[in-house]
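Written below as structure tokens is the structure these notes are about.
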Amino acid sequence: MNILLKSAKIVCPQNKALHLKKRDILIKKGVIEKIAASIPSVTNIKEFTAKNLHVSLGWFDSSVSFGEPGYEERETISNGLKVAAASGFTDILLNPNTKPVPDTSSDIVFLKERGNGSATNLYPIGSLTANAEGRDLAELFDMKNAGAIAFYDFKKQLSNPNLLKIALLYAQNFDGLVMSFPQDGQIKGKGIVHEGEISTTLGLKGIPALAEELQISRDLFILEYTGGKLHIPTISTANSVKLIANAKRRGMDVSCSVAVHNLAFTDDSLTEFDTNFKVSPPLREKSDCKALIKGIKDGVIDFVTSDHLPLDIEEKRVEFDNAAYGTIGLETAFGTLNPIFKLEETISILTQGRERFGLQSPKLKEGENACLTLFDPDMEWEFKEDLSQSTSKNSMFLGTRLRGKALGVINNNQFTV
């Protein structure tokens, strides 16, 4: 793949010499050969330009679900990676949200092989416990050797504290990263949305913030005792930010993420009983959104994720109480984040943090493999169902006006625009 990007504004805070400069970028066989103010046209090399063309290092998403194997009707790996590339993501971590769950080395090998040859890199997360049942640890060491990037029972509480203790101790032998979903199932009970004024008004059973914060407090106590590395995915409350900030100040090796929809929507969106707004953790209050945004700016929250979770229509077109949790979010992630943060902050959020999962960060410089995202930060557009390339259309962003749109990626010697 040979291509010449013309007059692209580079947004790369990591490279101060090029940051916010307009440059031509010549890429040959997937490698950045030259970056200059002007590069003459070259025979047999395709030129690409676009109005308001911007380029950054490739974007990274730490929480993506597809469906294959077992739920191919939701999303296949092949089409899911095409959606990710069209959304600007060159690297995604794939959640163990399949049937069967990936809890052996052969499962991890299967997922990696299915992802080969795509513009977007797929890195599988292995299940923390066998069959994600929370009883016995899965084959963590074998999965790590096969390419598992971390270990997680997707969206399930690890109710046995001793199992988390053993996992954190054991994983230190091979530098493994343990993930624990922040929700106490007994406190949650039969709750389905945030416990507050809205849930009371609508007559829906609530999930108190305590369910999340109690689980985080427990997990942090265990981490302090064991050492090791812990990642807490998709926090949603103001007090969760405080708990993790305090743990980091005390030197604990903990990281966390937040789903982009928990920054953009509150439980006010539930008044129409639209099941696309039923997510886990639930949409919280405005004060929580503000605290989460501040947590990102302060560096307490390490990642913002799309928490992309395709579900087929039968799982959403039912009564609210019976609907499955989840929304797709890859295609709308950038357009949602961009109005909340300054452009440089947004790009930093989308490109940082690979090292936490043992991945090497790309570099935007001559001689390096091209791992780039192309985008227009000022394009205003409305997300509609017919614009979505995802097989499943369960999006709470349908009908939402967004600002900023990914054009595609250059990665793995492929150009997806």
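The values are calculated or read from the model by the stated rules, or taken from the named source; none is laboratory data. Please read these numbers as outputs of a predicted model, since none were measured by experiment. Backbone-built Cβ (ideal geometry, glycine too); neighbour counts: all protein chains shown. Just the protein is used for accessible areas: all its heavy atoms, side chains included, with ligands, DNA and RNA removed. Shrake-Rupley method; radii C 1.70, N 1.55, O 1.52, S 1.80 Å.
Points to keep in mind about this one:
- Cut-off 11 Å (backbone N to label point 7 Å along Cα→Cβ of Q172), residues of segment 225-257: 225-229
- Where segment 144-249 is the region considered: accessible area per residue in Å², 1.4 Å probe: 41 Å²
- Sites matching GluC sites (Glu not before Pro) across segment 90-167 that sit in DSSP coil, with at most 13 neighbouring C-beta atoms within 10 Å: E133
- Segment 3-36: trypsin sites (Lys or Arg not before Pro) in DSSP coil with no more than 13 other Cβ atoms inside 10 Å: K16, K29
- Under 5 Å between amide hydrogens, built in the peptide plane, is the criterion, and for H194 it picks out I207, L283 among residues at least 5 positions away or on other chains.
- Principal axis dimensions, segment 120-182 - Cα atoms, whole angstrom, descending: 34, 25, 19
- Pairs exceeding 23 Å between alpha-carbon atoms, taken from K82/K405; K34/K363; K9/K384; K205/K393; K242/K286: K9/K384; K205/K393.
- I296 - accessible surface, heavy atoms, 1.4 Å probe, Å² rounded to 10: 20 Å²
- Ellipsoid semi-axes for the chain, based on the Cα gyration tensor and the rule √(5λ), read 34, 24, 21 Å when sorted largest first.
- The mean of 1/r over all pairs of different alpha-carbon atoms in segment 265-417, once inverted, gives a Kirkwood hydrodynamic radius of 17.3 Å.
- Fully extended contour minus Cα-Cα distance, from N131 to Y225, at 0.36 nm per residue: 31.1 nm
- When the chain is treated as a GNM with alpha-carbon contacts under 10 Å, the residue of G367, G30, G176 showing the greatest mean-square fluctuation is G367.
- Computed FRET value (nearest 0.05) for E380 with V417, which takes r as the C-beta separation and R₀ as 22 Å: 0.70
- With DNA, RNA and ligands ignored, accessible area of R356 (1.4 Å probe; Å², nearest 10): 50 Å²
- Relative packing of 201-208, 403-410, which averages over residues the other C-beta atoms within 10 Å, highest first: 403-410, 201-208
- Beta bridges per DSSP, both residues in the chain: antiparallel share near 50 percent.
- Geometric extent, Cα atoms of segment 95-241 - Rg, Dmax (angstrom): 16.7, 51
- Amide H contacts for T305 (H built 1.01 Å from N in the peptide plane; partners 5 or more residues away or on another chain; cut-off under 5 Å): V258, A259, V260.
- Extending 7 Å from the Cα toward the beta-carbon at both R401 and N369 defines two label points whose distance is 4.1 nm.
- For segment 308-404, the carbon plus sulfur part of the accessible surface works out to 44%, probe radius 1.4 Å.
- Under-5 Å amide H pairs with S280, H placed in peptide plane, nonlocal only: G326
- Listed values for segment 401-411 are Karplus-derived 3J(HN,Hα) couplings in whole Hz (6.51 cos²θ - 1.76 cosθ + 1.60, θ = phi - 60°), namely 7, 10, 10, x, 9, 6, 9, x, 9, 10, 6, and x replaces Gly and Pro.
- 222 nm mean residue ellipticity, helices alone, for the chain (DSSP H n ≥ 4; -39,500 (n - 2.57); rounded to 500): -7500 deg cm²/dmol
- Here segment 141-279 exposes an accessible surface that is 51 percent carbon and sulfur, computed with a 1.4 Å probe and the other protein chains kept in place.
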